[in-house]
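Throughout, read-outs are computed from the coordinates displayed, never taken from laboratory work. Because the structure is a prediction, the values reported are computed rather than measured. In this analysis, Cβ positions are derived from the backbone assuming ideal geometry, glycine residues included, and neighbour counts consider all displayed protein chains.
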Amino acid sequence: MAGNRILMKRRLILNTYEVGKEVAEYTPPKVVKIMKDSEGGHFGKKKIFVGIEEMSSSLKILGPTKDFLSNFGIVGGQSANITVIESLQDEDGEIFAIRYEKTGEIVSVEESQSKMGEEKYAMLEMHVRAYKKTENGGNIYDINVDADYYDLGDGDIMAPHTRNVS
């Protein structure tokens, strides 16, 4: 049984711009099912799964450069592609490779205050349209809103519906 996992090393690629030690914090997209009440024909109430909430993600970059921040200017159907690769180790010495791949649009950039003796950073917020997360090569999530593909770990839940309308 795996114990607590500690982040040992991280690498990030935003489009073709690669950073490593500059990544202070990374928050992956939160995957949340949309549940609606189901009523009628039975005594008790229940909820049914009807979709996935909009996904967002954030990134804190130390010493943001012009090349990195210029990705905020992507417009007109263009997308930012972010890949985060992490190596974690648990208390039993087991090593895990986690890979996050996201496509979307950077919707905000908030730069830190300018104070003497303190590091400058920028917080980037991203609206995510496609998100894939793997652990040691095995799929955890593979979601692509544009392609209407939603694999939450057990295959595309929309596949039978896609076949029905093909």
* Just give me the residues in segment 19-41 being in a strand (DSSP E or B), under 17 Å from the mean Cα position of the chain (by Cα) and not aliphatic (A, V, I, L, M), in sequence order. => E25, Y26, T27, K33
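The rows are residues; the columns are (1) of a type in the set (A, V, I, L, M, F, W, C); (2) in contact (Cβ under 8 Å) with a residue 60 or more places away in the chain.
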{"position": "A24", "(1), (2)": "yes, yes"}
{"position": "I61", "(1), (2)": "yes, yes"}
{"position": "I98", "(1), (2)": "yes, no"}
{"position": "K115", "(1), (2)": "no, no"}
* **Test set (1) surrounded by 11 or more Cβ atoms within 10 Å (Cβ to Cβ); (2) closer than 23 Å to K120 by Cβ - K66 fails condition number** => (1)
* Asked: Among (1) under 19 Å from M8 (Cβ atoms); (2) of a type outside the set (D, E); (3) without any contact (Cβ under 8 Å) to a residue 24 or more places away in the chain; (4) assigned to a strand (DSSP E or B), where does T83 come up short?
  -> (3)
* Asked: In the list R99, R129, which residue meets the criterion of being within 30 Å of D37 (Cβ to Cβ) and under 14 Å from the mean Cα position of the chain (by Cα)?
  -> R129
* Only one of V31, V19 that is among the β-branched types (V, I, T) and within 16 Å of T103 (Cα to Cα) -> V31
* **Residues within segment 154-166 that are closer than 22 Å to I98 by Cα and not in a loop (DSSP other than H, G, I, E, B), tallied** => 1
* Structure fact -> Output for Cβ contacts, cut-off 9 Å, separation at least six or different chains, first residue over 12 Å from I98 (Cβ atoms) in segment 128-152, second charged (D, E, K, R) and part of a loop (DSSP other than H, G, I, E, B), reads V128/E54; R129/D146; A130/D146; V145/E54
* To do: Output the strands (runs of 3 or more DSSP E) that fall wholly within segment 98-153 and possess 2 or more residues being surrounded by 13 or more Cβ atoms within 10 Å (Cβ to Cβ) and of a type in the set (G, A, S), or say none.
  => 121-135
